[in-house]
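Novice: One structure, as structure tokens, below. Some questions next.
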Amino acid sequence: MDEVSKEEEEEDSSFTNISLADDPGYSSNILYPRPKSLYPRPKMMNADMDAVDAENQVELEEKTRLINQVLELQHTLEDLSARVDAVKEENLKLKSENQVLGQYIENLMSASSVFQTTDTKSKRK
């Protein structure tokens with residue numbers, strides 16, 4: 001094999017070596033150009049790039065605003081949930097106190113003669 005200089009290697013870097021060792025009529029290495037993109041992309045003009053950047057900036061600001069709004073709503077929901085839990089606890093406490101007070105009132109009424117049932121027939125006799 002021949003030695004290839006670095007300059008020649010750099011020049012040939014855009015080509016692909018294809019060996020045709022099975023075909024004696026061809027040399028062992030044939031250079032074919034590497035395929036570029038099938039449809040080359042047109043370069044964007046500065047005005048187009050600025051418009052895309054402006055659209056991206058607007059989208060980014062909108063996403064940021066929506067994320068902040070979602071986070072605020074999450075915090076509000078957490079606060080409301082904590083408040084509901086506190087109100088439930090207070091409600092259970094008040095129900096328990098009402099039961100105790102109701103039982104106390106019943107005991108007072110049963111112990112007091114004012115609230116005793118009287119038999120009017122037995123007193124007249």
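Bear in mind that the values in this text are calculations on the coordinates, not laboratory data. Since the structure is predicted, the reported quantities are computational estimates derived from the model, not experimental observations. All Cβ positions, even for glycine, are placed from backbone atoms using ideal geometry, and neighbour counts span all protein chains on display.
Novice: Using a cut-off of 13 Å between beta-carbons, work out the net charge of the residues near Leu73 (Lys and Arg +1, Asp and Glu -1, Leu73 not included). All intermediate terms of the calculation are to be shown ahead of the outcome.
Specialist: On the way: positive: Arg65; negative: Glu72, Glu78, Asp79.
Surrounding charge for Leu73 is -2.
Novice: Can I ask one more? Tell me, what ³J(HN,Hα) does each residue in the range 72-81 have, in order and in whole Hz, if you take phi through Karplus 6.51 cos²θ - 1.76 cosθ + 1.60 with θ = phi - 60° and put x for Gly and Pro?
Specialist: 5, 5, 4, 5, 4, 5, 4, 4, 5, 5
Novice: Still on this structure, I have one more. Given R₀ = 35 Å, what would the calculated FRET efficiency be for Val100 paired with Thr76, taking r from the Cβ atoms and rounding to 0.05?
Specialist: Details: r = 36 Å, r/R0 = 1.04.
Using R0 = 35 Å, I get an efficiency of 0.45.
Novice: A further question follows. How far is it, in nm, from the label point at Leu92 to the one at Asp48 when both lie 7 Å from their Cα along the line to the Cβ?
Specialist: It works out to 6.7 nm between the two label points.
Novice: Let me ask something else about it. What list of ³J(HN,Hα) values in whole Hz, one per residue of the range 91-96 in order, does the Karplus curve 6.51 cos²θ - 1.76 cosθ + 1.60 (θ = phi - 60°) give from phi, with Gly and Pro shown as x?
Specialist: Each residue's phi maps through the Karplus curve to give 4, 4, 4, 5, 4, 5 Hz.
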